[in-house]
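What follows is a set of notes on a single structure, which appears directly below.
The values are calculated or read from the model by the stated rules, or taken from the named source; none is laboratory data. Keep in mind that this is a model prediction, so the values were computed, not measured. Here the Cβ positions follow ideal geometry from the backbone for every residue, glycine too, while neighbour counts run over all protein chains shown. To get the accessible areas, we keep the full protein, side chains included, count just its heavy atoms, and leave off ligands, DNA and RNA. Shrake-Rupley method; radii C 1.70, N 1.55, O 1.52, S 1.80 Å.
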Amino acid sequence: MRTITKIRFVQFEIDAGSLADMKFFSCEERKVRESLPPEDHPDYLYAPKPIRSIPPVGHNMLLTMYHAPKNGTGRKACTNRMPTYLQNRVALRPDDGLGSGWGLELVEGRRWEIFWYVGAVVLVCSTVVGLVYGVVKHDVSASFTVAGFLQTSFGVGVALATLSATVDYLT
């Protein structure tokens, strides 16, 4: 039910326990430059240099490469243009114990198309149940009450799934 919905470049601060605080996101307006390491930064390597486009790899290309890595024809070009970190760990400043770095953030989200497919199946099934119930019992009002109950139950299920998508402790 969950999938990666966005991949974005970020600048972050990290502490000794590897707790990261994201500072700048490449999807934000006018924050693309801050979300990438400078070209002359000694800990990062760009190829080709100078950078031809900002960001060096587009967000949709990153997402496509993530979901279908073997189908992408531009995989080598994509990986070559990514800034490469040359050190083992991010160096921490002695004064506050934090270090700055740049990387990729994988943002999770729901696969909402599944709910559309299940909703269509529930709609068809509840309509069939309503029609069959109406023919067998000769009561159209009661038959579509049952069909309406089935559809309402599905709506409550979607609402609960939406709530669980926004509140982490329910998942």
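Numbers below:
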quantity: Identity of the residue in the range 35-53, open to solvent by 70 Å² or more (accessible area, probe 1.4 Å) and assigned to a loop (DSSP other than H, G, I, E, B), that ends up nearest to G99 (Cα to Cα); calculated: P42
quantity: Flag for D168 being modelled with pLDDT of 85 or more, out of contact with any Asp or Glu (no Cβ under 8 Å at 6 or more places or on another chain) and among the acidic types (D, E); calculated: no
quantity: Residue list for the range 69-120, filter: among the hydroxyl-bearing types (S, T, Y) and either more than 23 Å from the chain's Cα centre (by Cα) or open to solvent by less than 100 Å² (accessible area, probe 1.4 Å) (or both); calculated: T79, T84, Y85, S100
quantity: Of all residues in the range 22-62 being among the charged types (D, E, K, R) and over 24 Å from V90 (Cβ atoms), the one that is modelled with the highest pLDDT; calculated: R52
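Table: residues versus (1) closer than 18 Å to P42 by Cβ; (2) at pLDDT 85 or above; (3) not in a loop (DSSP other than H, G, I, E, B).
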residue	(1), (2), (3)
T64	no, no, yes
G72	no, no, no
A77	no, no, yes
V90	yes, no, no
L104	no, yes, yes
E113	no, no, yes
